[in-house]
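Working notes, structure below.
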Amino acid sequence: MAESNNWVVEDINRATPNLAAIRKFSTGDRAGLRFENFLQEYQIDLILHAIKKIGIEYYEGDDKAGGVVRKGKLGPNFFRFKTDQSEYFRRAQIFEEIFDQQILGLVNFFPRVQEVASKMFSLAHGVAEHHGRRMMNFTVRVLPEAPIHRDWMPGEDSGLSFAPQIKEQFAWNIYLKTPKSGGQTRIYNEQNLALVSKGSEHCEVAPRVGDLIIFRTTHAHEVLPSDGERLTLSGFFATTPEKLLFWI
């Protein structure tokens, strides 16, 4: 069994949003949502120019499946520094100021991402904090491929003070550059990694410049190999009893 009529990523048009599809995703009946042309071409050009000026850091990192891969990031992500939280928060403080001035000062897209999620779940939003220390709100990521995995902060023994409040966890990605071929996000209708196989029900999302993708990270997912650069603005958010929390 591969793709089904229900386990799909629904395309959402800004002018005439499919409210029924959004409701179905919010209750777990759809694999994800694609908000078409979330960023316009001129906005992407401004962001890419800013990223080039700041510079992406490349490093060898854990691929969440026991391997080591070359990654590119601009701004810290907690998974990389989970054993050195002081370094994560040191970098978060530095890069939040850099992002505010050099990216969000040109294209203030992040509040729009928060607003989309807030309307979806009828919850207020904020950036997560750990004992009063603010988490990084988003990152710039070069990710040519990723093995099958799931992301679930409460299960990672992170020690983060907000983790026990999390009810559901989601990823969001805005595509800035897409490869010549490949680079699809494959989302499985299965949360148990041990039960995922080639025949498991799934859907695939092809990367398209300017689109915003949102999906549940507790479902097994992977990024298929890319032929060319795959560059995104990325982060997580979670539902809690009080509000949505964003971090990376």
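The values are calculated or read from the model by the stated rules, or taken from the named source; none is laboratory data. Just so we're clear, the structure is a prediction, and the values are computed from it rather than from any experiment. Please note: Cβ atoms are built from the backbone with ideal geometry, for glycine as well, and neighbour counts cover all protein chains shown. Only protein heavy atoms, including side chains, enter the accessible area calculation; ligands, DNA and RNA are left aside. Shrake-Rupley method; radii C 1.70, N 1.55, O 1.52, S 1.80 Å.
Some notes on this structure:
- FRET efficiency for the pair residue 13 and residue 86, taken as 1/(1 + (r/R0)^6) with r the Cβ-Cβ distance and R0 = 35 Å, rounds to 0.20.
- Karplus-derived 3J(HN,Hα) values for region 218-223, using 6.51 cos²θ - 1.76 cosθ + 1.60 with θ = phi - 60°, are 6, 7, 4, 8, 8, 10 Hz; glycine and proline are entered as x.
- What the phi angles of region 88-98 give under the Karplus curve with 6.51, -1.76 and 1.60, with θ = phi - 60°, is a coupling list of 4, 5, 4, 5, 4, 5, 5, 6, 5, 5, 4 Hz, glycine and proline written as x.
- For region 188-228: relative contact order, % (alpha-carbon pairs under 8 angstrom, 6 or more apart): 52 percent
- Note on the chain: with charges restricted to the Cβ of Lys and Arg (+1) and Asp and Glu (-1), its dipole about the Cα centre is near 240 debye.
- DSSP-loop trypsin sites (Lys or Arg not before Pro) across region 139-183, with at most 12 other Cβ within 10 angstrom: 167, 180
- Of the GluC sites (Glu not before Pro) found in region 143-208, the ones in coil according to DSSP and having at most 16 other Cβ atoms within 10 Å of their Cβ are 145, 156, 201.
- Within the full protein context, the accessible area of residue 196 is estimated at about 30 Å² for a probe radius of 1.4 Å.
- Charge tally in the Cβ shell below 14 Å around residue 97, where Lys, Arg are +1 and Asp, Glu are -1, residue 97 excluded: +1
- In loop segments of region 1-50 as defined by DSSP, the trypsin sites (Lys or Arg not before Pro) with at most 15 further C-beta atoms inside 10 Å of their C-beta are 14.
- Residues whose amide H comes within less than 5 Å of that of residue 125, counting only those at least five positions distant or on another chain, are 244 (H built at 1.01 Å from N in the peptide plane).
- Local charge for residue 65 was computed over the other residues whose Cβ lies under 12 Å away, with Lys and Arg +1 and Asp and Glu -1, and equals -2.
- Estimated 222 nm signal from helices in the chain, with DSSP H stretches of n ≥ 4 weighted -39500 (n - 2.57), rounded to 500: -6500 deg cm²/dmol
- Local net charge near residue 118, Cβ-Cβ under 12 Å (Lys/Arg +1, Asp/Glu -1): +2
- When each of 24/82; 73/180; 52/180; 64/243; 24/52 is checked by Cα-Cα distance, pairs over 30 Å: 24/82; 24/52
- Centre-to-centre separation between the Cα atoms of region 130-156 and those of region 69-127: 10 Å.
- Entry comment: accessible area of the chain is 47 Å² per residue, from protein heavy atoms only and a probe of 1.4 Å.
- The figure for residue 83 is an accessible area of roughly 130 square angstrom, using a 1.4 Å probe on the protein chains alone.
- Residue of 184, 114, 40 that the Gaussian network model of the chain assigns the largest fluctuation, springs spanning Cα pairs under 10 Å: 40
- Rounded to the nearest whole angstrom, the semi-axes of the ellipsoid equivalent to the chain, taken from the Cα gyration tensor as √(5λ), stand at 24, 21, 20, largest first.
- Computed on the chain, with alpha-carbon pairs under 8 angstrom and 6+ residues apart, the relative contact order is 26 percent.
- Only protein atoms count toward the accessible area here, which uses a 1.4 Å probe; on region 118-200, the carbon and sulfur part of that area reaches 45 percent.
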